[in-house]
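Visitor: So that we are looking at the same thing, I have put the structure below in structure tokens.
Values quoted throughout were computed directly from the atomic coordinates according to the rules given, and no laboratory measurement underlies them. All figures in this text were calculated on a predicted structure; none of them were measured in a lab.
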Amino acid sequence: MAFTTQRKVRFQHCDPAGIVFYPRYFEMINSVVEDWFEEIVQSDFNQLHVESGTGVPTAAIDTQFHAPSRLGERLTFELAVQTVGRSSLTLQITAYCGEQKRLTINSTLVYVDLNSGKPMPWTEAMRQHFIVENL
């Protein structure tokens, strides 16, 4: 089952035409991933980055913009795990406004030691929460 959360399109997200300026989608996506790690994986970004000295930087991202999103709209984001590797994780995140698809992102994250920058294997405690979706 996909992780679902909502974000309201705010003035800060929009360009002068009143639609989401595309880099702001990436900020929203990062907040969705951060919420997923906290609520589902049970490893919030403070635990990962500050306490454990680990991180999950984005190694690849593929984006399709289907339709513009406008100021004041409420977007529903669905996050699903596509593949899990030894130290990588590919997520598909889709944003909708009502039934209309606005954005689809496939993002590969890598679990790394922040001191060395080298990939490391997912912990078993984290891995148990990575349920692969067949979308």
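Visitor: Can you work out the Karplus-derived ³J(HN,Hα) for every residue in the range 67-74? Use 6.51 cos²θ - 1.76 cosθ + 1.60 with θ = phi - 60°, whole Hz, and x for glycine or proline.
Guide: So the J values, rounded to whole Hz, are 7, x, 10, 10, 3, x, 6, 10.
Visitor: While we're on this one: Check Phe21: other-chain or 5+ apart residues with amide H under 5 Å from its amide H, H built from backbone geometry?
Guide: Correct list: Cys14, Asp15.
Visitor: Let me ask something else. Would you compute, from DSSP H runs of 4+ residues alone, the mean residue ellipticity of the chain at 222 nm, taking -39500 (n - 2.57) per run and dividing by the full residue count, rounded to the nearest 500?
Guide: -4000 deg cm²/dmol
Visitor: Scan around Leu89 for amide H atoms under 5 Å from its own, H built in the peptide plane at 1.01 Å from N, and keep only partners 5 or more places away or cross-chain.
Guide: Distant-sequence amide H within range of Leu89: Leu109.
Visitor: Which cross-chain or sequence-distant (5 or more) residues have an amide H under 5 Å from the amide H of Phe130, H modelled 1.01 Å from N in plane?
Guide: none
Visitor: Right, here's the next one. Can you give the Kirkwood hydrodynamic radius of the chain from its Cα pairs, in Å with one decimal?
Guide: When all Cα pairs of the chain are included, the Kirkwood radius is 15.5 Å.
Visitor: Using the alpha-carbon atoms, what tilt in degrees (0 to 90, nearest 10) does helix 22-36 show relative to the longest principal axis of the chain?
Guide: Around 50 degrees separate the two axes.
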